[in-house]
Each structure stands twice: as C-alpha cells, then as structure tokens.
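I have placed the structure first, in the form of structure tokens, so that the comments after it can refer back to it.
The values are calculated or read from the model by the stated rules, or taken from the named source; none is laboratory data. Just so it is clear, the structure is predicted and the values come from calculations on it, not from any experiment. Note: ideal-geometry Cβ built from the backbone for every residue, glycine included; neighbour counts use all protein chains shown. For accessibility, only protein heavy atoms count, side chains too; no ligands or nucleic acids. Shrake-Rupley method; radii C 1.70, N 1.55, O 1.52, S 1.80 Å.
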Amino acid sequence: MNAALLFDFQVDKENNQIHVKREFAAGLDLVWEAWTNPEILDLWWAPKPYQTRTKSMDFREGGNWLYCMEGPQGEKHWCRADYTIVNPKSNYAGLDAFCDEFGKINEQFPRTQWSVSFQALGNKTMVSIRNTFQSLNDLETIIKMGFKEGFTMALENLDQYIEAQVKLRTELKSGNQTRVCMYLNFPGSTEQAFLFYRQVFRSEFSGQGIQRFEDIPSSPGNPPVLDSVKKMVLHVELPIVGGFVLMGTDAPREMGFELNSGNTMHISVEPESRTETERIFNELSEGGTITMPLKDMFFGAYYGSLTDKFGINWMVNFKNT
C-alpha cells in the first residue's frame with residue numbers, strides 16, 4: 001500500500017461493525033467507476049491469486065451483482081450483493097452474501113451490510129466503508145476468514161489499476177486538433193506489432209516513444225509490478241498515413257485482462273468541440289451499449305466510450321482547454 005495514502009481499518013465489536021477509510025490517488029469519476037463497473041471490478045476486487053469473474057450485474061436500487069472469486073486451480077467461491085441504495089458519485093449500500101452460481105444464498109455463512117461513500121479531495125478520493133453484521137459472532141467469523149488481509153490486497157490491486165489509468169489518460173493529446181485514432185490491445189505482443197507497423201509505414205513513434213509498465217512511478221508500500229509484466233508496453237503512438245494514429249497497449253492476463261476478437265480494438269475520435277463530441281457520442285450510441293458515459297474527467301478531457309449496435313468499440317474524447 002502507498003504509505004502516502006490514508007488507510008484506516010477499525011473493528012467495532014460493540015456495534016458489530018468494521019470501519020475502513022481509504023484514499024485513492026485519482027479523482028472521483030475514476031474511483032466511482034472502478035467500484036461500480038463490473039469490468040473494472042473484475043480486475044481488482046479479488047485478492048491475488050484469485051480472479052473476480054462477474055456473471056451478472058444490475059447496479060441500481062433493487063439490483064444485484066452475482067460474481068465468483070476463482071482460484072488458481074479453478075475453484076470458485078460465489079457471492080452476490082443486493083443493492084439497496086445508489087446515489088451516483090456519492091454513496092451506495094447493499095447486502096453481501098455467499099451463494100451458489102445461481103445466486104441462492106448460503107445461510108451457513110454471515111451476510112455483510114455494506115455502506116460505501118465517496119468524497120472528492122482535489123486530485124484524490126476518500127472511500128469510507130462501514131460493514132455491519134447481525135451479531136458479534138458473524139463479525140468475528142469474517143475476521144477469522146481473513147477479511148482484513150484479503151480486502152487490503154484487493155485495494156492494492158485497485159491502486160495499480162488507478163496508477164496505470166492515470167498515466168495513460170494524462171498522456172492524451174495536448175491540443176484540440178481534430179483527429180481519429182485506433183487503439184489496439186495485445187496480450188503481450190504490442191512492441192512486436194508496432195515495430196512491424198513502423199517498418200511498413202516508414203514512420204516513427206510520437207510522444208514519449210514506447211512506454212512500459214515498469215515506467216509507472218513506484219510509491220513506498222505499493223505492490224510492485226510483476227516481473228513478467230514490467231517490460232510489456234503501457235502505451236505507444238505511431239502516426240501512419242493521412243494524419244491517422246495507431247495507439248496500443250498490452251493487456252496482460254497477469255493483471256486480469258482477457259482479450260478476445262471483440263475487445264482488442266477501439267476507434268478513438270477526437271472532435272473539435274464539446275458540442276460535436278456530444279453529437280457524435282449520442283448518435284454512435286443509439287442502439288448500442290455505453291461503457292462509460294460522456295463526462296468531464298479528472299485528466300482534463302470530456303470523454304466517453306461505447307460499443308455501437310454493430311459491435312464496434314469507440315472512444316470519444318475532447319481535450320478541455
């Protein structure tokens with residue numbers, strides 16, 4: 001854990017509660033998204049070497065999240081969270097439980113009432129968590145099961161995700177020129193692919209060249225980037241023809257990514273104004289699925305992402321001045 005970020009874990013046996021306060025080095029938008037988007041939750045919620053796999057999620061009051069934590073040998077521990085309160089970018093609450101793969105609750109294990117609130121602190125966000133149990137025995141059972149250790153590891157996973165996202169997003173273009181880019185994801189072969197493209201198009205990498213996961217600034221106490229990931233490509237840009245730019249990154253399995261033929265490529269559109277950004281985003285999303293609503297982001301851009309009705313992935317980004 002980053003020693004510069006507040007982490008407070010308190011057990012209140014008198015009221016059968018656990019209280020956690022945790023700072024994250026990112027703005028409210030990114031942190032809220034990380035706690036409420038199942039694709040991002042799957043990347044960090046489970047302590048290593050376990051991997052979270054969402055079966056379904058309906059993030060609203062009355063909705064629920066059904067997921068499992070899968071171990072290295074394929075063993076699965078199913079859980080569900082039933083949401084009772086959802087106030088966007090402010091707080092949510094829900095009742096967590098162990099269950100089977102169909103969501104049937106296992107009454108042999110305690111249930112946990114989660115209350116999670118978010119507070120913007122400039123370029124940081126404070127997340128405050130109150131877990132309430134029906135009895136002291138339930139509280140002590142959860143503690144004995146290793147809740148503190150496991151949850152601490154999960155929050156450190158989130159630190160790594162946030163650091164990578166901040167580094168990538170702060171290196172978006174610095175001007176407002178209109179341009180279209182293609183963002184490519186690879187399972188570890190980004191450098192090989194882009195060296196090939198550079199030769200074909202007789203071009204040269206722009207910006208800071210090839211950036212690697214080992215370039216993410218280290219912080220005291222933060223979990224280190226795995227050795228197998230360090231040399232992988234975090235970000236690279238290559239102009240090809242007609243002002244068109246290819247961008248790329250590795251999406252390693254070690255960090256919870258799973259690539260398939262439908263998610264390896266995004267078209268990135270950078271319009272000249274907020275109005276045009278909204279028009280393009282709204283029209284592209286008709287009949288499709290919005291993966292991130294269009295909004296002002298902490299890294300100074302008006303940004304959103306979607307999959308259109310034909311299954312094509314888009315990122316729409318206007319750089320604020």
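Things worth noting here:
- For the residues Leu284, Leu246, a 1.4 Å probe over the protein chains yields an accessible-area ranking, largest first, of Leu284, Leu246.
- Given the alternatives (i) 37, 21, 19; (ii) 51, 21, 14; (iii) 33, 24, 18, semi-axes √(5λ) of the Cα gyration tensor in Å as computed for this entry is given by (i).
- On the beta carbon distance between Lys48 and Asp308, with R0 = 30 Å, the FRET formula returns roughly 0.30.
- Average Cα contact separation per residue, the range 59-150, under 8 Å, 6 or more apart, as relative contact order %: 18 percent
- Taking 0.36 nm per residue of sequence separation and removing the Cα-Cα distance, the Gln119/Leu195 pair yields an extension gain of 23.0 nm.
- Theoretical gain in end-to-end length, Asp8 to Phe98 [0.36 nm per residue, Cα-Cα removed]: 29.8 nm
- Qualifying GluC sites (Glu not before Pro) in the range 1-94, where qualification requires a DSSP coil assignment and no more than 14 other C-beta atoms within 10 Å, comprise Glu14, Glu61, Glu75.
- With Cα atoms, 0 to 90° folded angle of helix 190-201 axis to the chain main axis: 10 degrees
- Relative contact order %, the range 264-312, counting alpha carbon pairs below 8 Å whose residues are six or more apart: 33 percent
- Using C-alpha pairs below 8 Å separated by at least 6 residues, the relative contact order for the chain is 15 percent.
- Potential lengthening between Lys230 and Asn282 on full extension [0.36 nm per residue; Cα-Cα distance subtracted]: 14.9 nm
- Estimated 222 nm signal from helices in the chain, with DSSP H stretches of n ≥ 4 weighted -39500 (n - 2.57), rounded to 500: -7000 deg cm²/dmol
- Given R0 = 35 Å, the distance between the Cβ atoms of Glu39 and Asp138 translates into a calculated FRET efficiency of 0.65.
- Surface composition of the chain: carbon and sulfur atoms hold 51% of the protein heavy-atom accessible area at a 1.4 Å probe.
- On a per residue basis, the chain carries 50 Å² of accessible surface, using protein heavy atoms and a 1.4 Å probe.
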